[in-house]
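Have a look at the structure below, then the notes.
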Amino acid sequence: MNTSSNQQKSKTNCQVDSLTEAKSSSCPHVYFYPESGEFLIVPDDSLEREHNELYSYLNSVREKQYNIEYLNHRYSHLERSLNEKNM
């Protein structure tokens, strides 16, 4: 099979009951979802932007969870020490 320079061979299973997602490596990124039979075309820069936003959000959530756990831990120690003094 001859392919031109802008085409690539695919080894994707094309059966209807296949649940394997296919992804292109060329620009723009094209995703095929076999369950819905839909293609999704995403420009390269939007994938990177979305990744950076999600990464930043998850780091923020993780930091806030750590701070909450730290404050709860400190409060429990403070409460214990106050109870010991009142006895």
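Key figures for this structure:
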| quantity | calculated |
| --- | --- |
| Computed lengthening from L40 to L71, 0.36 nm per intervening residue step minus Cα-Cα distance | 6.8 nm |
| Rounded to the nearest 20 debye, dipole of region 35-87 from Cβ charges on Lys, Arg, Asp, Glu | 720 debye |
| Hz values of 3J(HN,Hα) by residue in region 56-68 - Karplus curve (6.51, -1.76, 1.60), Gly and Pro given as x | 4, 4, 5, 5, 5, 4, 4, 5, 5, 5, 4, 4, 5 |
| Nearest-0.05 FRET efficiency for R62 and V30, computed from C-beta distance (R0 30 Å) | 0.40 |
| By accessible area with a 1.4 Å probe, ligands and nucleic acids excluded, highest first: order of Y55, Y31 | Y55, Y31 |
| For H29, residues with placed amide H under 5 Å, excluding near neighbours | V42, D44 |
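The values are calculated or read from the model by the stated rules, or taken from the named source; none is laboratory data. Worth saying up front: this structure is predicted, and the values here are computed from it rather than measured. Ideal geometry is used to build each Cβ from the backbone, glycine not excepted, and the neighbour counts take in all protein chains shown. The protein model used for the area step is the full one, side chains on, heavy atoms only, and it has no ligands, DNA or RNA in it. Shrake-Rupley method; radii C 1.70, N 1.55, O 1.52, S 1.80 Å.
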